[in-house]
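Comments concern the structure below.
The values are calculated or read from the model by the stated rules, or taken from the named source; none is laboratory data. Just so it is clear, the structure is predicted and the values come from calculations on it, not from any experiment. In case anyone asks, the SASA skips ligands and DNA or RNA and just uses the protein heavy atoms, side chains included. Shrake-Rupley method; radii C 1.70, N 1.55, O 1.52, S 1.80 Å.
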Amino acid sequence: ASLVTHIDPANDIPREEVLAFLKKRQGILDGVCITGGEPLLSPGLEMFMDKVKEMGYLIKLDTNGSNVNRLKYLADRKLIDYVAMDIKSSREHYARLAGNSSEKLLATVEETAAFLMEGNLDYEFRTTVVRELHEQEDFVAIRNWLAGARRYYLQAYRDSEHILKPGNYSSYSREELERFAAILREKIPVVEVRGIE
């Protein structure tokens, strides 16, 4: 099994310390997951990824799809091995869930999704499903939007004191999430549910 460590470039740990950690674990860890926030907004990301790649690590990047040009650039430089892209909701409800009513955001997200589906990078799409924010029709719309995608994961929502409004949201049951997964499987070959017993 692959061993991977997660790194948030926006956290308080100096990059030199992270690189020293990775240097000591060469041959033990296989890959690094760069997460956030939105890591593509982080200054110095390319230089950091260069150093990680020089040590022989695979790199997985978590993104919300809002910076397609930087993603394409890093992909062209062969600095990314795998992308996990958050799909907040159906296109019809995207602005509401992403906290941005701009049509430009959705256009960029659509361009990022289309770029990934071209097949130059290995990738997954994923949605954290919230009872108060998602309904079955969203997954019908997502199925049609992202038909032919490689893989899609539905992640059960988990409440935490670290979120903006703890206690305001809840998860669907596994049975309900599996129903949404079955809808997606009609046009996406690999669909799984994560984060719920």
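Per-structure values
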quantity: Accessible surface, per residue, of the chain when the full set of protein chains is kept, probe 1.4 Å, Å²; calculated: 53 Å²
quantity: Cα gyration tensor category, rounded, prolate or oblate, for the chain with a/c compared to 1.5; calculated: prolate
quantity: Alpha-carbon centroid distance for the pair region 168-191 / region 79-155, whole angstrom; calculated: 14 Å
quantity: Unsatisfied cross-links (Cα-Cα over 20 Å) in the set Lys60/Lys104; Lys72/Lys104; Lys23/Lys51; calculated: Lys60/Lys104
quantity: Accessible carbon and sulfur surface of region 84-197 relative to its total accessible area, %, 1.4 Å; calculated: 46 percent
quantity: Sequence-separation-based contact order of the chain, relative, with Cα cut under 8 Å and 6+ spacing, percent; calculated: 15 percent
quantity: Region 88-197, relative contact order in percent, only Cα pairs under 8 angstrom and at least six apart counted; calculated: 28 percent
